[in-house]
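The values are calculated or read from the model by the stated rules, or taken from the named source; none is laboratory data. Just so we're clear, the structure is a prediction, and the values are computed from it rather than from any experiment. Every residue, glycine among them, receives a Cβ derived from its backbone with ideal geometry; neighbour counts consider all protein chains shown.
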Amino acid sequence: MTILSVSISHHTATIEQLARVSMSRDACRDLANDLVGHELISEALVLSTCNRTEVHVDTGRFHAGLDAVIDLLSQHSGVATDELMPLSGVRYDEAAVSHCFSMVAGLDSLVIGENQVLGQVRLALSDAQQDRTSGPVLNAVFQTALRVGKRVHSETAIGSAGRSVFSAALQALDAAGVPVAGARCLVVGAGQMSGLAARSLAQRGAVVTCVNRTHASAERLAREVGGHAVPFSQLGEAVATHDLVVTCTGSAGYLIDASMIVSSAPRAVVDLALPPDVDPQVGERVHLVNLASLADRLTGERVDVEAARELVHEELSRFLARQRAASVTPTVVALRQMADAIVDAEIARLDRRLPHLDPAARNEIVKAIHRTADKLMHSPTVAVRQAAESLDPDVHEVDYAAVLRTLFALEDAS
């Protein structure tokens, strides 16, 4: 494999730094397209959520490939390369695959075990496939990662312990004594997180109002949760007449500032956007829950993830074994092609030396030569696949395909 992953997440950066590198869905696709336009990069997938911005590429050269990723990420985010490097978690090959599996399983999230990342990765992969920036390498990794994530959430305790970021926000509201049942709740935005918020609030008995720049999207979400929608032009009035405001649009600049907060409403504002939708000064007037406060609240909080990690490790070992077995295929094909060429040459020599050989006898001789070649090739080809698949690179690393190429002088098979 030749996978390079560059991850800027809550593990390596502050909320403010994450906001600077956060990108919209379209911006992620633009970056991926520019990445595959680079001579060193053949595939690319870009993911940006409230917890992370990640770039995954297929490149045959680690250092040069990393430079290309950082340079293009800098161009698209506006953050200087010398600022990006200290914020970046960099992984290559097997470590990159391991990170992908853990990330999709929710083991790398701000809220350990949250399952929203599954949908986010599925959407990013769909975009990459549609734009043809992903190919056989990244498709194999992320399709397997999605399957692993589903297994983790359905087969381990982390599935019931894991929560979305909004669920954590609801817990923060409960701790602050801010009721949801019966409250008038305004949801700003109509994306995945806003949809989750609207549904969760409705299930808790809130009266939901939706607002979005595209009014049709707000109306669609409102119908889904039994609420109603108001035009985006009435945002200020709506903020002042609701008990709770939840926003997640990631707009450039603040949508809600302190001037929109009146003495009677709202009681609390939840801002799950990155970059933030709400001016932090709002927190001086009402209870404000944002990603920064959730990060502080969740620091040190853990669920029992041992079973989940074991499952991820098991799936990672299987995936890497399949990849190692597949990597010897060109050598096996070349070996069989060499054997076929030798057989053909010997049969041609037989025909030249014995042109009047009885056809029945010739047929038996030809069959015998083929059987002999097949039997001689069977053991080494099966053995090299098995050896590659069972290899434990943590203990020792032997390139059995290279050994086979050397023994049989298969110079071009790789």
Counting only residues that are loosely packed, with under 15 Cβ neighbours inside 10 Å and on the phi > 0 side of the Ramachandran plot, how many does the stretch 230-262 have? 1
Report yes if some residue within the stretch 135-150 is in contact (Cβ under 8 Å) with a residue 24 or more places away in the chain and touching a Gly at 6+ places or on another chain (Cβ under 8 Å); otherwise report no. yes
Among the strands (runs of 3 or more DSSP E) confined wholly to the stretch 207-298, which include 2 or more residues that are within 18 Å of A190 (Cα to Cα), touching a strand residue (DSSP E or B) at 6+ places or on another chain (Cβ under 7 Å) and free of Cβ contacts under 8 Å to residues at least 60 places away in the same chain? 207-211, 268-271
What pairs come out if I take residues in the stretch 82-105 that are under 20 Å from T59 (Cβ atoms) and pair them with residues that are part of a strand (DSSP E or B) and acidic (D, E) whose C-beta lies under 8 Å away, six or more apart or interchain? M103/E54
Against the conditions (1) buried (at least 16 other Cβ atoms within 10 Å of the Cβ); (2) closer than 30 Å to T59 by Cα; (3) out of contact with any strand residue (DSSP E or B) (no Cβ under 6 Å at 6 or more places or on another chain), where does S134 fall short? Just the number, please. (3)
Run H99 past the list (1) touching a helix residue (DSSP H, G or I) at 6+ places or on another chain (Cβ under 9 Å); (2) surrounded by 16 or more Cβ atoms within 10 Å (Cβ to Cβ) and report the number of the one that doesn't hold. (1)
Provide a single number: the residues in the stretch 54-78 that are under 21 Å from V137 (Cβ atoms) and touching a residue at least 40 places away in the same chain (Cβ under 8 Å). 14
Residue satisfying all of: in the stretch 41-52; modelled with pLDDT of 95 or more and of a type outside the set (D, E); surrounded by the fewest Cβ atoms within 10 Å (Cβ to Cβ) among these: S42
Here's a check for you: in the stretch 296-309, which residue that is surrounded by fewer than 19 Cβ atoms within 10 Å (Cβ to Cβ) and at pLDDT 75 or above is nearest to the chain's Cα centre (by Cα)? R309
From the list L320, L350, L335, L376, which residue is within 27 Å of the chain's Cα centre (by Cα), assigned to a helix (DSSP H, G or I) and of a type in the set (A, V, I, L, M)? L320
Quick check on this structure: which one of A68, A32 is within 19 Å of the chain's Cα centre (by Cα), surrounded by 15 or more Cβ atoms within 10 Å (Cβ to Cβ) and part of a helix (DSSP H, G or I)? A32
Go through the residues of the stretch 310-320 one by one and say whether even a single one is at pLDDT below 90, over 30 Å from A373 (Cα atoms) and of a type in the set (G, A, S). yes
Meets criteria (over 19 Å from R405 (Cα atoms) and among the acidic types (D, E)) for D374: no
Within the group Q171, Q203, which residue is modelled with pLDDT under 90 and within 17 Å of D243 (Cα to Cα)? Q171
